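Participant: Here it is: the structure, laid out below.
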Amino acid sequence: MKRALLVLSLLYFGASFPVASQQYYFKKYQVEDGLSHNTVWSILQDSYGFIWFGTSDGLNRFDGQHFKTYKSDIKDKQSLGNNSIRTLYEDENKDIWIGTSNGIYLFDHIHETFQPFDVKTQ
């Protein structure tokens, strides 16, 4: 009986104190806001603070206000080989690896170009 009374007291007094709730604010970004496609397959925040979005139609870098879109260009050998970006990863050297439907690419921060990763494994 004492145990039940203790549990009821804790529930009553615990529920009577106001609970501080933290508010979260979300902003939804779409094509109208500069995103290249509304289907996002992967998201990465890099060590420079940029947020990268891998979409069904290109790679997007977001600086907090503006999007920069990277897409495949058959005339440019240093562009992505495919616009369907599936995975994003940043390694310990701050290199960004981009997995597409057509292979893996490494992003060059200085020149803002892409190099295909074509090392063969056994």
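The values are calculated or read from the model by the stated rules, or taken from the named source; none is laboratory data. Since we're looking at a predicted model, the values are computed, not measured. FYI the Cβ positions are ideal-geometry reconstructions off the backbone, even for glycines, and counts take in every protein chain you see. Side chains included, ligands, DNA and RNA excluded: accessible areas come from the protein's heavy atoms. Shrake-Rupley method; radii C 1.70, N 1.55, O 1.52, S 1.80 Å.
Participant: Tally time: how many residues in segment 62-86 are open to solvent by 80 Å² or more (accessible area, probe 1.4 Å) and either of a type outside the set (D, E, K, R) or within 20 Å of residue 46 (Cβ to Cβ) (or both)?
Facilitator: Looking only at that region, the number is 8.
Participant: Within segment 55-70, identify whether any single residue is within 20 Å of residue 92 (Cα to Cα) and either part of a strand (DSSP E or B) or touching a Cys at 6+ places or on another chain (Cβ under 6 Å) (or both), and answer yes or no. Talk me through it step by step, then tell me what you get.
Facilitator: We begin by selecting, within segment 55-70, every residue within 20 Å of residue 92 (Cα to Cα); these are 61.
Then keep just the ones that are either part of a strand (DSSP E or B) or touching a Cys at 6+ places or on another chain (Cβ under 6 Å) (or both); that gives 61.
There is at least one residue in segment 55-70 that is within 20 Å of residue 92 (Cα to Cα) and either part of a strand (DSSP E or B) or touching a Cys at 6+ places or on another chain (Cβ under 6 Å) (or both).
Participant: Something else: Pick out the one residue from 120, 94 that is free of Cβ contacts under 8 Å to residues at least 40 places away in the same chain and of a type in the set (D, E, K, R).
Facilitator: 120
Participant: Continuing with the same structure: Is it true that residue 92 is surrounded by fewer than 11 Cβ atoms within 10 Å (Cβ to Cβ) and either assigned to a loop (DSSP other than H, G, I, E, B) or on the phi > 0 side of the Ramachandran plot (or both)?
Facilitator: Yes, satisfied.
Participant: Something else about it: Could you check how many residues of segment 45-60 are open to solvent by 40 Å² or more (accessible area, probe 1.4 Å), within 11 Å of the chain's Cα centre (by Cα) and not β-branched (Val, Ile, Thr)?
Facilitator: Qualifying residue count, segment 45-60: 2.
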